[in-house]
Every structure is written in C-alpha cells, then in structure tokens.
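Contents: one structure, followed by commentary.
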Amino acid sequence: EGPGVRRAEFVLGDRHGTTCDPELTRATKNILEDLGYEVKVNDPYAGVELVKAYSNPVSNRHSLQVEIRRDLYMEEESLGKNSNFEKLQNDLETLVAGLSDFSTSL
C-alpha cells in the first residue's frame with residue numbers, strides 16, 4: 001500500500017504473533033470490530049522494535065502496537081480534535097474495559 005491509499009481505521013501489530021499471545025490480538029480485534037471499526041492485523045504495520053524490545057510472552061509480558069487512523073480523532077489541517085473525538089475516546093475506554101475483563105479470564 002502506497003501514498004494515498006486509505007488505511008484501516010485500526011492496525012494492530014504483534015510482529016506476526018511474536019510479541020503477545022494471539023488471543024490478546026484476537027480479543028482486541030474483536031472488541032474494535034464489535035464497536036464498528038475496520039481492523040487489520042500486521043498490515044501494513046507489524047509493530048516496531050519498541051514492541052519487540054518490551055515483550056516477552058513466555059514471561060507473561062505482552063506488547064501489542066495499536067495504530068489509530070488520524071481522521072478518527074483530528075482535523076488534519078488544524079491538528080485539532082474533530083467531531084468524532086469524544087466517540088473514539090469512549091470507544092477506547094470500552095476497549096480498555098474489555099481487555100481488562102479479558103486479562104482476568106486468563
């Protein structure tokens with residue numbers, strides 16, 4: 001995908017399953033999709049070195065990169081909040097609550 005190609009609203013990067021339990025990636029994707037978002041995993045971003053450096057799934061330390069498309073929360077020209085900002089903020093709170101529930105079920 002090159003310049004000008006519209007990306008997914010959320011891109012989750014787990015470096016192809018190496019930086020977190022695949023169930024965590026799946027749970028995150030499912031929650032976001034249930035909220036109505038388009039979500040891709042490792043496409044086009046698989047996660048940067050920082051995610052790799054701070055992960056160790058074997059030791060129960062999981063890292064997942066979450067990329068959010070900017071037009072979901074900001075005006076590109078002014079860099080200010082857009083009219084969708086509060087909805088996204090609420091949805092991210094729902095995501096965190098869902099992941100908290102997920103983590104206690106492990």
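Taking the protein heavy atoms of the chain in the context of the full set of protein chains, the accessible area attributed to carbon and sulfur is 51 percent at 1.4 Å.
Residues in the range 54-69 carry Karplus couplings, in order, of 10, 10, 7, x, 4, 9, 6, 10, 9, 10, 9, 7, 10, 9, 10, 5 Hz; the curve used is 6.51 cos²θ - 1.76 cosθ + 1.60 with θ = phi - 60°, and Gly or Pro positions show x. Taking the chain as a Gaussian network, where each spring joins two C-alpha atoms under 10 Å apart, which residue of Val41, Val66, Val58 fluctuates the most? Highest fluctuation of the listed residues: Val58. Helix 85-104 and the longest principal axis of the Cα set of the chain meet at an angle near 10°. Of the GluC sites (Glu not before Pro) found in the range 21-106, those that fall in a DSSP loop while having at most 10 other beta-carbon atoms within 10 Å are Glu76, Glu77. Angle of helix 22-34 to the longest C-alpha principal axis of the chain, folded into 0 to 90 degrees and rounded to 10: 30°. In vacuo Debye scattering of the chain, one point per C-alpha: log10 I(q)/I(0) at q = 0.17 Å⁻¹? Result of the Debye calculation: -0.85. Here the chain is treated with +1 on each Lys and Arg Cβ and -1 on each Asp and Glu Cβ, and its dipole about the Cα centre works out to around 320 debye.
Structure remark: mean-square fluctuation, Gaussian network model of the chain, C-alpha springs under 10 Å; the largest value among Asn42, Asn56, Asn90 belongs to Asn90. The residues of the range 50-90 expose, per residue, 74 Å² of accessible area to a 1.4 Å probe.
With a cut-off of 13 Å between beta carbons, the residues surrounding Ala53 carry a summed charge of +2, where Lys and Arg count +1 and Asp and Glu -1.
The values are calculated or read from the model by the stated rules, or taken from the named source; none is laboratory data. Just so you know, these numbers come straight off a predicted model, no measurement behind them. So basically every Cβ, Gly included, is an ideal-geometry build from the backbone, and we count neighbours across all protein chains shown. Note: accessible area is taken over every heavy atom of the protein model, side chains too, but ligands, DNA and RNA are not part of it. Shrake-Rupley method; radii C 1.70, N 1.55, O 1.52, S 1.80 Å.
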